1. Once label points are set 7 Å from the Cα along Cα→Cβ at both D527 and E387, what is their separation, rounded to one decimal in nm?
2. About the Cα centre of segment 549-598, what is the dipole size in debye to 20, counting +1 per Lys and Arg Cβ and -1 per Asp and Glu Cβ, all else neutral?
3. Add +1 for every Lys or Arg and -1 for every Asp or Glu among the other residues with Cβ under 12 Å from the Cβ of T404, and state the total.
4. In segment 29-111, which trypsin sites (Lys or Arg not before Pro) are in a loop and have at most 11 other Cβ atoms within 10 Å, using DSSP for the loop call?
5. Here are some values of Rg and Dmax of the Cα atoms in Å: (1) 29.4, 98; (2) 24.5, 79; (3) 29.3, 89. Which one was computed from this structure?
6. At R0 = 56 Å, how high is the FRET efficiency between N169 and V69 if r is their beta carbon distance? Nearest 0.05 is fine.
7. In a shell of Cβ-Cβ distance under 15 Å around M379, excluding M379 itself, what net charge do Lys and Arg (+1) and Asp and Glu (-1) give?
8. Based on the Cβ-Cβ distance of A189 and K600, what FRET efficiency does E = 1/(1 + (r/R0)^6) give at R0 = 56 Å, to the nearest 0.05?
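Every number in this text was worked out from the coordinates using simple rules, so none of it is lab data. In this text the structure is predicted, and so the values were computed from the model without any measurement. Positions of Cβ are generated from backbone atoms using ideal geometry, with glycine treated the same way; all protein chains shown enter the neighbour counts.
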Amino acid sequence: MYEDLKEKALLLPMDSGVYIMQDKEGTIIYIGKAKHLKNRVSSYFVNLSSHNEKTLQMIRRIDSFRYVVTKTEFDALLLESQLIKQHKPKYNILLKDDKGYPFVRLGNEPYARFEVVNRKLKDKAKYFGPFSSRGQAYKALDLVHTIFQMPTCTRVFPRDFGKARPCLNYHMEKCMGVCKGDISASQYAEFLDKAGRILDGKYKGLAEEFEEKMLKASEDLEFEKAASYRDKIITLKKMSQGQGVFSKSLVDTDIIAYASLNMRACVVKMSYIAGTLLDKEAVFFDGCDENDANEVMESFIKQYYEAQGFSPKNIILSHELDIDTLGEYVSHVTNRKVNMAVPQKGEKRFQVTLALDNARKELELREKLGEKHLKSLEMLTEMLGFEPTRIESYDISHYAGDMTVCGMVVFENGKPLKKAYKRFKIETARGGDDYASLQEAVGRRLDRALNGDENFLPLPDLFLIDGGIGQVRAVEKVFEEKRIDIPLLGMVKDDKHRTRELTDADGNLYGIDTKPPVFAFITRIQDEVHRFSIEYNKTLRSKKLTKSTLDNIDGIGEERKAKLLRHFKTITAIKNASISELSEIIPEKIAYNVYAYFHKED
């Protein structure tokens, strides 16, 4: 078969283009682009021993291939990206999710507020970021609020000027008290401008400005004012020192480095603004070695910046890529001119070396954690007498007997397998009955597996129930009805809500509090399933709260509901708004419906 594929590949033109590999069922398993189609495609079927195991697995599944000739290599890059997004082939390097990374948004209306958003929109607002996580974005906002005493309440200005007393934050000198109406829109805009400079990483100029004002206030004997500026300077310096890295040559720059270890790769992206390291992000890929560096880095860069719709002015790489074509691609998808380079010496190369070191350290840490997980699994295997390679754990959560749910988490080889997590909304069991709720959830899970549903296969080697012998015996009845013979244990907690031992339906106990690795492993499972089930319960509660109000109003659909909540922040603020204020967001007729709903007694 390889000879036939090789013969066909050698007949391909030497033009640039995209090639599409398919298996026997016609499923697309890999999409690639090439500067010279003939050379690239034929390389898969020549000297097979030179390929790594991942590539060999793909080659074994190739039954046929198609190709598309393009005018330029850049056109091939665009087409490849489009086809990969459409087909998501199994053997292409794909980011684990396609969600955007958060930005901090600042609207252009008077008395605007900073807010964390998932994507950068094409509006007139200012955006800062992207940040590697919402936690990082909120951390940056906390700093801004601390330094400038920005309001964090749900009041809308200037609408709410003087409507209520200043809150506790104002009296604790944590808020400037915009609600009093003493701060003009132009004064507030100055604060926003300075806050934006911090989010852009421009701390040095602000620190100098605050120092001048501190000295002047001290000379004028305004010691409280001077102390306030002193505190701001200290906060800025702490943040600057906390960044750990400073390089004058790095202005609005991302450094991207690749490292591999034991068939696992890591791409580290380090973001610099005004020469200061603001953020570090690590993404892992399994089944990759040093030979995959170019493919992994190129795939990461294309998918990451396209998802953001935003890029810095400069992108520095650790490995040689086709930076002209790739730079043109990033400029195209972000609508911004991007300079891409692979420095060989100097300060920029030093920073690349730092990024490479970070990537290697991330891999070493993950390797050590993997070894630790395997050690815990070995000790658990020794204790139980069998090897629980795949473990499922269940926990019930409800709110005062209402909105009962069950969370199911899966651990494989000692690590969480999040794509296999499941959640169940309890439908028949009475509120607060944990036994019946567990029976319903586990019963539904087993029925799906026994009916051949691949989303519920395979069955685990061990079921872990959050609870004691009562919960285990309740689930044991379901096992008997469905003729399931899989070990089932309950996680018995101590007075600090930590699992101290495991129990089976016969009351046999397995103490784990004297085995630290096993104790840590079981506690991790317990914490994870507890977190997962509670999050689902909170989601249902939140949906019910919103549904019980806005969804009952004539003319309010999902889009208008989102607009109202985005502007007013809370249901209470919507309730207190006038018809004219509501009409600024939604049509006047619908605004009247909203007002009437909340003021029926009027």
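1. The answer from the label model is 2.8 nm.
2. Around 160 debye, computed over segment 549-598.
3. Charge balance in the 12 Å sphere: -2.
4. K71, K96, K99
5. (3)
6. The pair N169/V69 has a calculated efficiency of 0.30.
7. Net charge in that neighbourhood comes out at -2.
8. The formula returns an efficiency of 0.90 here.
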